[in-house]
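Everything on this sheet refers to the single structure shown next.
The values are calculated or read from the model by the stated rules, or taken from the named source; none is laboratory data. This is a predicted model, so every value here is computed, not measured. Because the Cβ atoms are built from the backbone with ideal geometry, glycine has one as well, and the counts that use them run over all protein chains shown.
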Amino acid sequence: MTGGTRLRHHGYVSTETKVLPDVTTDESTDDDTPKFFHYVKKNRIAESAVMGTHVVALCGEVFPVTRSAKPGSPVCPECKKVYEGLRKE
């Protein structure tokens with residue numbers, strides 16, 4: 001894949017990402033809002049939302065897309081660290 005970066009065993013990761021929620025119960029707040037939103041491959045979002053397939057976040061979390069993040073939503077610290085490492089200076 002051209003333009004990608006090899007990241008652990010997860011394959012090639014595009015730097016084009018979107019923040020998505022991790023909906024595991026241990027990271028959820030009382031109102032069912034995820035505590036953190038994760039960065040995932042942008043081209044996997046629609047498939048996951050429609051088909052229920054799982055996506056892999058930059059931090060390694062695996063989950064189905066069920067919500068979209070709003071501006072200002074908290075981002076997973078590990079995803080943010082990996083994403084910033086992928087950015088070109």
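Summed over segment 40-84, residues that are in a strand (DSSP E or B) and β-branched (Val, Ile, Thr) total 5.
Does residue 69 count as among the aliphatic types (A, V, I, L, M), within 11 Å of the chain's Cα centre (by Cα) and crowded, with 19+ Cβ neighbours inside 10 Å?
Taking the combined requirement at face value, the residue does not satisfy it.
Restrict the check to segment 25-39 and report whether at least one residue is at pLDDT 60 or above, in a strand (DSSP E or B) and over 11 Å from the mean Cα position of the chain (by Cα). Yes, there is a match, as at least one residue in segment 25-39 is at pLDDT 60 or above, in a strand (DSSP E or B) and over 11 Å from the mean Cα position of the chain (by Cα).
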